[in-house]
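Comments concern the structure below.
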Amino acid sequence: MRRRWLLLIMVVASAAAVVPTGPSSGEPAPAFGLFPTGAHGSEVNLGFTSQGVLFFGGWDHIARSADDGRSWVALPKASPVAADRVLVVDRTTGRVFVDDTTLVCTVLSWSDDLGRTWTVNPAACGGGVTDHPKVAVGRRTVLADPTGKLYPNVVYVCANSLTHTPCTTSTDGGVTFGPAVPAGAVEPATGRVTPTCAFQGVPVAAPDGTLYQPHGQCGAFVDRTRDNGLTWERSMVADGDGASSADTPDLAVAPDDTVWFFWTGADWQPRLVRSTDGGRTWSAPIPLSGAGLRSTVFPVVAAGPDGRVGVAFYGTPDAPAGWNGNPGDAPDGVHWFLYAAVFEGHAFPAGPLVPARVTPDPVQIGCLSKLGGCSKFNIADYIDADMSPDGRFHIAYVDGCPPGCTTAAQSTAEDGWVAVERPSPADRR
């Protein structure tokens, strides 16, 4: 069938190795097709419309795919800024949100025509100094729409304000925002929320409208609001020494309101927990084991419409003597790959969860991230993942070591890629 839009990239998918994974070791790992998006950036995001149109957020441009990542269209810039860029798609309306930071404020852009044109709000502020901004969209719980003409959902912008994590809300789709409210329980003595522990993951709205904000700094914990950001509660997932590496954690909410929290411990090993009571209490952590990994970083998790859950991260089996596992301090000989596992959410924790290597070649050699003393910033703070409307796991990642790259000195690229879970063998017949 003739394509009616510009084809920028055509690529043949390369499948990852298939090895046992998931709660049941007899189940094969899903195979992934790997596709370059043509976009670049040290932090990348993806999102789907309800019709399955895929968007990829790079720092140089936003890309759109209508064929599950096989080809991409480069879209006009959402704004002149590209710093800590984050992309979120509201599946109930199809609106695509893109947010950048200017450190003083955040610049929020949105499109209602699949990225052909954009509206820009240069003052979508999260309050105070803004770093690491994140956007979420969720249904109204207490913020009413007396006119019936406002945007149907609440838009949240949360940011690391160094001393706390303020979140501000918009009831008109991003045009105006109310005052920022610190997420979490305010300390009476200081009026702050855990000073110096404000680095956060992406906030996620549950089907019931509850917004969850994951944290991995100063322990692993979750802030949540049930009243559209007016008040917040906090629950610890894991506390004390060794609880967290301070890497960015991730969170997902299943259609049945099960909350999944995925983070990296101080030993640089990934841990996964779930809550079935709205984040009040959490299961015992289940480590991802069996892959022989010395270190992992950038954990991401997504829950699908059918209850399937996918997790992904960068990891390395290399363990040079004297290395403490911090990715930012990794020696030049350390090779990093993308790993993933997909499982049925109701089966947790029936058995060990064994991740499979998705990328046949390294995505980075040497150090990566800003967690240690790394002098390379081609891969910075996070990757991203989401489930497509038909329930398949998709991962947005940065390839810092393209073909021809064989050394740490050459591993400085910031090429945006997606790993697309293929249909099951039964579906491929």
Task: Residue check, LYS370 touching a helix residue (DSSP H, G or I) at 6+ places or on another chain (Cβ under 8 Å), touching a residue at least 24 places away in the same chain (Cβ under 8 Å) and part of a loop (DSSP other than H, G, I, E, B) - done: yes
Open item on the list: Conditions first: (1) within 18 Å of GLY201 (Cα to Cα); (2) of a type outside the set (Gly, Ala, Ser); (3) at pLDDT 80 or above. ASN121 passes all but one, so which condition is the exception?
Closed with: (1)
- [ ] Could you tell me which residue of the stretch 337-356 is farthest from the chain's Cα centre (by Cα), considering only residues that are free of Cβ contacts under 8 Å to residues at least 60 places away in the same chain and under 20 Å from VAL44 (Cβ atoms)?
- [x] PHE337
TODO: Check whether at least one residue in the stretch 339-348 is crowded, with 24+ Cβ neighbours inside 10 Å and either touching a helix residue (DSSP H, G or I) at 6+ places or on another chain (Cβ under 8 Å) or not in a strand (DSSP E or B) (or both), and report yes or no.
DONE: no
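Can you tell me which residue among GLY322, GLY391 is at positive phi, out of contact with any Gly (no Cβ under 7 Å at 6 or more places or on another chain) and either surrounded by fewer than 21 Cβ atoms within 10 Å (Cβ to Cβ) or not in a strand (DSSP E or B) (or both)? Write out each step before concluding.
Details: GLY391 fails: out of contact with any Gly (no Cβ under 7 Å at 6 or more places or on another chain).
After ruling out the rest, the residue left standing is GLY322.
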Task: Subset of the stretch 325-338 [over 21 Å from HIS394 (Cβ atoms) and assigned to a strand (DSSP E or B)] - done: HIS335
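Just checking, which of ALA419, ALA319, ALA350, ALA409 is of a type in the set (Gly, Ala, Ser) and at pLDDT below 95? Explain how you work it out, then say what you get.
On the way: ALA419 fails: at pLDDT below 95; ALA319 fails: at pLDDT below 95; ALA409 fails: at pLDDT below 95.
Going through ALA419, ALA319, ALA350, ALA409 in turn, the sole match is ALA350.
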Open item on the list: Here's a check for you: in the stretch 85-113, which residue that is assigned to a loop (DSSP other than H, G, I, E, B) and in contact with a Phe, Trp or Tyr (Cβ under 9 Å, 6 or more places away or on another chain) is modelled with the lowest pLDDT?
Closed with: ARG85
TODO: Output yes when any residue across the stretch 137-147 is at pLDDT below 90, within 21 Å of the chain's Cα centre (by Cα), outside any loop (DSSP other than H, G, I, E, B) and buried (at least 22 other Cβ atoms within 10 Å of the Cβ), and no when none is.
DONE: no
Open item on the list: What are the pairs with Cβ atoms under 8 angstrom where one residue, in the stretch 252-278, is over 23 Å from THR210 (Cα atoms) and the other, located anywhere, is among the basic types (Lys, Arg) and in a strand (DSSP E or B)? Sequence gap at least six, or different chains.
Closed with: THR264/ARG271; GLY265/ARG271
Open item on the list: Filter the stretch 200-253 down to the residues that are outside any strand (DSSP E or B) and basic (Lys, Arg) and list them by number.
Closed with: ARG226
- [ ] Please state which one of THR171, THR196, THR190, THR210 is surrounded by fewer than 24 Cβ atoms within 10 Å (Cβ to Cβ), over 25 Å from GLY328 (Cα atoms) and modelled with pLDDT under 70.
- [x] THR190
Task: Matching residues, the stretch 230-250, being surrounded by 23 or more Cβ atoms within 10 Å (Cβ to Cβ) and hydrophobic (A, V, I, L, M, F, W, C) - done: VAL237
TODO: Please specify each residue of the stretch 269-316 satisfying the condition of being touching a His at 6+ places or on another chain (Cβ under 8 Å) and of a type outside the set (Gly, Ala, Ser).
DONE: THR316
TODO: Tell me, yes or no, whether the stretch 280-291 has at least one residue that is in a strand (DSSP E or B), farther than 22 Å from VAL418 by Cα and hydroxyl-bearing (Ser, Thr, Tyr).
DONE: no
Task: Neighbours by Cβ (under 7 Å, 6+ apart or cross-chain): first from the stretch 288-311, closer than 14 Å to VAL358 by Cβ and aliphatic (A, V, I, L, M); second at pLDDT 95 or above and outside any strand (DSSP E or B) - done: LEU293/PRO317; VAL300/ILE383
Task: Only one of ALA74, ALA78, ALA39 that is over 25 Å from ARG422 (Cβ atoms), surrounded by 22 or more Cβ atoms within 10 Å (Cβ to Cβ) and either touching a strand residue (DSSP E or B) at 6+ places or on another chain (Cβ under 6 Å) or not hydroxyl-bearing (Ser, Thr, Tyr) (or both) - done: ALA78
Task: Subset of the stretch 359-411 (residues that are within 20 Å of GLY33 (Cβ to Cβ) and of a type in the set (D, E, K, R)) - done: ASP361, ASP384, ASP386, ASP390, ARG392, ASP399
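The values are calculated or read from the model by the stated rules, or taken from the named source; none is laboratory data. These numbers were taken from a predicted model, which means no experiment stands behind them. Heads up, the Cβs are rebuilt from the backbone with ideal geometry, glycines too, and the neighbour counts pull from every protein chain shown.
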